[in-house]
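Quick notes on the structure that follows.
The values are calculated or read from the model by the stated rules, or taken from the named source; none is laboratory data. Everything quoted here is computed from the prediction, not taken from an experiment. Neighbour counts run over all protein chains shown; Cβ positions are idealised from the backbone, glycine included. Only protein heavy atoms, including side chains, enter the accessible area calculation; ligands, DNA and RNA are left aside. Shrake-Rupley method; radii C 1.70, N 1.55, O 1.52, S 1.80 Å.
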Amino acid sequence: MSVFKTYDIRGVWEQGIDLPFAYRLGRTLLRYRKAKGWLLGYDARAHSRELYQALASGLLEEGAQVTGVGLCSTPMLHYSQMDGKYEAAVMVTASHNPKEYHGFKVFDATGGSLSYDKGLKDVEALFDKVTEVRTVPTRSFPEKDTLEAYIRFIAGSGQGKVPAGPVVIDASNGSGGKEFRALANALGVDARLLNETPDGTFPNHDPNPLKEESRRQAAEAVVQAGAILGVILDGDGDRILFVDEKGRGIENYFLSCLVAEGILRRQAGTSIVYDLISSRVLPERVTEMGGRPVVSRVGYTFLYDQMVASRAAFGAETSGHVYFRVSDTYYTESAAYALASLLRFLAQEGRPLSALVDPLRSRYVQSPEINVEVKDKERAMREIERRYAGGKMDRLDGISVEFPDYWFNVRPSNTEPLLRLRLEGRGAAVVDARTKELRALLEQ
């Protein structure tokens, strides 16, 4: 199976990803994008620093000018690229994937990441033309520390105080711990950091904060410390999940309602982008607050492009990624920016986080995403269209169907024989019945 994926390059160590691959990738990238100035960073995974060095050597062999920032979060690398006006950047990361995975995320001159449809397929084609090597040469390149500038940018992104009380931050032994400690100090937050030390074996829990077991440690720490909230980061510090003062996880579409409200107070009428599997609570709240909700297909590149097209001030993915417009030309994906924004919003509100989220959560009932293995995805999608033809139907991403008391989306996986189902409705009984009905139909 190819390691060139829909949104990045990713695979298991020594099963497609190794040092010769990284070296050849560096040579390929410069042939694909004739950018002279490249900025590189890497996450905490076991072999990421070696891959970073091999990638740099490949770029240098082709004549690129390479600078590194070392171990960092993906948002910090992205900020450093835009701040330093580098023509391209690569983050050596496998994001939230299990420890055996390694990979690369490529950014172009605009700060947008290179997806398969927007260039990685061409990189893959060029890669096969680069001569294989057994021994990777080591080339030196300068590194610089951009942490202070990044924290100054995040801490200076808004005005207002932060609330009193402890905040639990679980860095998941990824690459974001140092940055979040520095941010907490800059904001004057009483931070209780968990799993701060980078460790690519992720010894305490999986680096995916959407998993229940990954949230448990932070949730318990919040309750024990009497903290006002907690956050869990993923392996490269770009995805964030919040828990309230009671230790309950908060879905990103509810949390994003609060962030959007704070933004709309300062930028009345602005656009807010959300993905189509979000709860409809998010677009409803944006409308109620005088904003303009804009729907996007699921996935980083789709949401980012929609933000740029609509000049949106904020964008949110159900997966936990959040995006902010910083200037007319710069959009940042930053978990740290989200934490700073929410803390200031809480200080303005003067109420516990749970008191702000619970009214949003109680509007509708959501089913978790259900993945159904299907032999013939196209036949199953046609059957959905036929069976639910009486509803309001949309095909922006898969099939979305709306009825008065429930609405759902079914979309095919890009890489597996799966259909993904999301359903929301007015009451648990309706949601349970319709979910069972749809699942049985898909499994036929």
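Structural remarks
- Residue count for the range 320-337, restricted to those that are under 13 Å from Ser256 (Cα atoms) and over 12 Å from the mean Cα position of the chain (by Cα): 2
- Within the range 17-39, the set of residues being open to solvent by less than 40 Å² (accessible area, probe 1.4 Å) and without any contact (Cβ under 8 Å) to a residue 60 or more places away in the chain comprises Phe21, Gly26, Leu30, Gly37, Trp38, Leu39.
- Those residues of the range 111-134 which are farther than 22 Å from Gly320 by Cβ, in a loop (DSSP other than H, G, I, E, B) and either touching a strand residue (DSSP E or B) at 6+ places or on another chain (Cβ under 9 Å) or open to solvent by less than 80 Å² (accessible area, probe 1.4 Å) (or both), in sequence order: Val130, Val133
- Selection within the range 406-435: residues that are under 20 Å from Glu385 (Cβ atoms), at pLDDT 95 or above and not in a strand (DSSP E or B). The member of this set that is nearest to the chain's Cα centre (by Cα) is Thr435.
- Verdict on Ala94 being of a type outside the set (Val, Ile, Thr), part of a strand (DSSP E or B) and on the phi < 0 side of the Ramachandran plot: no
- Scope the range 1-28; condition of a type in the set (A, V, I, L, M, F, W, C) and either more than 24 Å from the chain's Cα centre (by Cα) or within 24 Å of Gly299 (Cβ to Cβ) (or both); matching residues: Met1, Val3, Phe4, Ile9, Val12, Ile17, Leu19, Phe21, Leu25
- Checked against the criterion of being of a type in the set (D, E, K, R) and either closer than 17 Å to Tyr42 by Cα or within 21 Å of the chain's Cα centre (by Cα) (or both), the candidates Lys121, Lys144 yield just one match: Lys144.
- The one condition from (1) touching a residue at least 24 places away in the same chain (Cβ under 8 Å); (2) part of a loop (DSSP other than H, G, I, E, B); (3) open to solvent by 10 Å² or more (accessible area, probe 1.4 Å); (4) more than 22 Å from Met76 (Cβ to Cβ) that Gly269 does not meet is (1).
- Counted residues, the range 312-340 - those being among the aliphatic types (A, V, I, L, M), open to solvent by less than 50 Å² (accessible area, probe 1.4 Å) and not in a helix (DSSP H, G or I): 4
- Against the conditions (1) touching a residue at least 40 places away in the same chain (Cβ under 8 Å); (2) open to solvent by 10 Å² or more (accessible area, probe 1.4 Å); (3) closer than 22 Å to Ala227 by Cα, Leu343 satisfies every one except (2).
- Asn185 vs. criteria modelled with pLDDT of 95 or more and farther than 15 Å from Asp43 by Cα: yes
- Test: residue in the range 238-254 that is within 25 Å of Asp328 (Cα to Cα), in a loop (DSSP other than H, G, I, E, B) and either modelled with pLDDT under 95 or touching a strand residue (DSSP E or B) at 6+ places or on another chain (Cβ under 9 Å) (or both): yes
- Here Val162, Val259, Val231, Val223 are screened, and the one residue that is modelled with pLDDT of 95 or more, over 20 Å from the mean Cα position of the chain (by Cα) and either assigned to a helix (DSSP H, G or I) or of a type outside the set (Gly, Ala, Ser) (or both) is Val223.
- Some residue of the range 231-245 being of a type in the set (Asp, Glu), open to solvent by 10 Å² or more (accessible area, probe 1.4 Å) and without any contact (Cβ under 8 Å) to a residue 60 or more places away in the chain: no
- Of everything in the range 166-190 that is part of a helix (DSSP H, G or I) and among the aliphatic types (A, V, I, L, M), the residue that is nearest to the chain's Cα centre (by Cα) is Leu183.
- Pick from the range 386-410, criterion over 13 Å from Leu438 (Cβ atoms) and touching a strand residue (DSSP E or B) at 6+ places or on another chain (Cβ under 8 Å), ranking: surrounded by the most Cβ atoms within 10 Å (Cβ to Cβ): Asp397
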